[in-house]
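The values are calculated or read from the model by the stated rules, or taken from the named source; none is laboratory data. Every value quoted in this text rests on a predicted model; they were computed, and no experiment measured them. No Cβ is skipped: glycine too gets one built from the backbone with ideal geometry, and neighbour counts run over all protein chains shown. Areas reflect the complete protein model, heavy atoms only, side chains present, ligands, DNA and RNA absent. Shrake-Rupley method; radii C 1.70, N 1.55, O 1.52, S 1.80 Å.
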Amino acid sequence: ALRALLLFHLFLDLRSIDLERRLDDGRLLSLAEVDDLARLCRHPIESLNQMLDERTTQAQLPAVSLEKHRARLGAAVGKDIVPASATTRLRYIRDYLVWLANKRSSRNEANSSLRLALESARQLVVGSINARLPRSGRSFPKGREGLDPKTDARMLKVVDPHSPENPWTEEHARFRNALI
């Protein structure tokens, strides 16, 4: 969860987003920013650190052609992480944004315009992030399945600490594995 929030704060730094000010105004992220966030959640955190370092270096260098900048940016981003990790990151970030909006909203009266604006922004961002959650490729349409009963019984017989078929020789390992 903390690494996801680290990634989120790197994203805020990369995009020069002052989230505290936005919360004061009753805003969170725009749809374009949610798209950008979802894209960046697919990359290793190290590549985002590199992008942030390059951005600060770029500010001190003379202008570069757009093609060179895009080529450098593509090289800095590197390989994507597995979709399940990107999904987990986005869920943690979504929950963090909901928490921030609810915390800020609770400071205001029920009918206040800031509270209503934050509620609207929260719903928009939550819906937008949910729509952009990557599919992990791991689906269990029938639910998760364990071992079939015959294989399960055989495995339990073999790992019994007193079984002559038990592959572990040390007594501690035999009892530990049977317990597991």
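Looking at the structure I just gave you, is Pro44 at pLDDT below 90 and within 18 Å of the chain's Cα centre (by Cα)?
Judged against the criteria, Pro44 is a match.
From the list Ser85, Ser106, Ser112, pick out the single residue that is loosely packed, with under 11 Cβ neighbours inside 10 Å and at pLDDT below 90. Spell out how you get there, then give the answer.
Numbers: Ser85 fails: loosely packed, with under 11 Cβ neighbours inside 10 Å; Ser112 fails: loosely packed, with under 11 Cβ neighbours inside 10 Å.
Only one candidate passes the filter, namely Ser106.
Find all pairs meeting these conditions: Cβ atoms under 9 angstrom apart; at least six residues apart or on different chains; first residue within the range 14-31 and farther than 12 Å from Arg122 by Cα and charged (D, E, K, R); second residue in a helix (DSSP H, G or I) and open to solvent by 40 Å² or more (accessible area, probe 1.4 Å).
Taking only residues 6 or more apart or on different chains, the pairs are Asp24/Leu114; Asp25/Leu114.
Filter the range 47-70 for residues that are surrounded by fewer than 12 Cβ atoms within 10 Å (Cβ to Cβ) and in a helix (DSSP H, G or I); which is modelled with the highest pLDDT?
The qualifying residue modelled with the highest pLDDT is Asp53.
If I ask for residues that are assigned to a loop (DSSP other than H, G, I, E, B) and at pLDDT 75 or above, which ones from the range 115-144 would you list?
Step one: list which residues in the range 115-144 are assigned to a loop (DSSP other than H, G, I, E, B), which gives 132-144.
Matches in the range 115-144: Arg132, Leu133, Pro134.
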